[in-house]
1. Cross-link partners among aspartates and glutamates for residue 9, C-alpha distance below 20 Å, same-chain residues fewer than 8 apart left out?
2. Anything over 28 Å Cα to Cα? Flag those among 17/45; 38/103; 22/65; 15/45; 45/67, in the order listed.
3. Given only helices, namely DSSP H runs of n ≥ 4 each adding -39500 (n - 2.57), what is the per-residue ellipticity at 222 nm of the chain, to the nearest 500 deg cm²/dmol?
4. When the chain is fully extended, how far beyond the present Cα-Cα distance does residue 15 get from residue 107, taking 0.36 nm per residue of separation?
5. Could you work out how far helix 3-25 tilts from the main Cα principal axis of the chain, as a 0 to 90 degree angle to the nearest 10?
6. When the gyration tensor of the chain is built from Cα positions, what are the square roots of 5 times its three eigenvalues, in whole Å, from largest to smallest?
7. Note the full-extension length gain between residue 81 and residue 68 as 0.36 nm times their separation in residues minus their Cα-Cα distance, in nm to one decimal.
8. Helix 76-121 against the longest principal axis of the chain: what's the angle in degrees, Cα atoms only, rounded to the nearest 10?
Amino acid sequence: MDQLAMFKKAQELAKKKQDLDKELMNMDILGFSDAENKNVQVTIKYVPAQLPINPSPGYDTVNVKIKEDYFNTASAEQLSEAVTLAIRDGETQANIAVAQKYKLLEAELGNLMGGAGAMQQK
């Protein structure tokens, strides 16, 4: 693959990454304090990396819902723990969603790098 073709392929991959980031940003990813009762539900939003300032993507918790009966009967410590567990679950679910979306892009990048490596061996 010549350099111009590699450059064009890199531009295509960058565009696909931007599109994936936009799609992920628009997703509402839910996390729960427990699988059975779902007393606390959080909504997580994906925040893409802001290069070069912040090279790592992140997540924002944008909404918290607590079942009224649980809120009225739980102690402050129980509420705190439940919210923490829901946020952790939401971030885990977000990591899974991001990984699934990026698998295809990763494969394409591997093909591009394989093509670059083959070019250098000639």
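Just so it is clear, none of the values below were taken in a lab; they were calculated from the coordinates. Values in this document were obtained by computation on a predicted structure and should not be read as measured data.
1. Those aspartates and glutamates meeting the cut-off are 19, 21, 106, 108.
2. Distance filter (> 28 Å) returns 38/103.
3. -22000 deg cm²/dmol
4. Separation in residues times 0.36 nm, less the Cα-Cα distance, equals 31.6 nm.
5. Once rounded, the angle reads 10 degrees.
6. Details: eigenvalues 359, 30, 23 Å².
Ellipsoid semi-axes (Å, largest first): 42, 12, 11.
7. Details: separation 13, 0.36 × 13 = 4.68 nm, distance 1.64 nm.
Value of the extension gain: 3.0 nm.
8. Between helix and principal axis, roughly 10 degrees.
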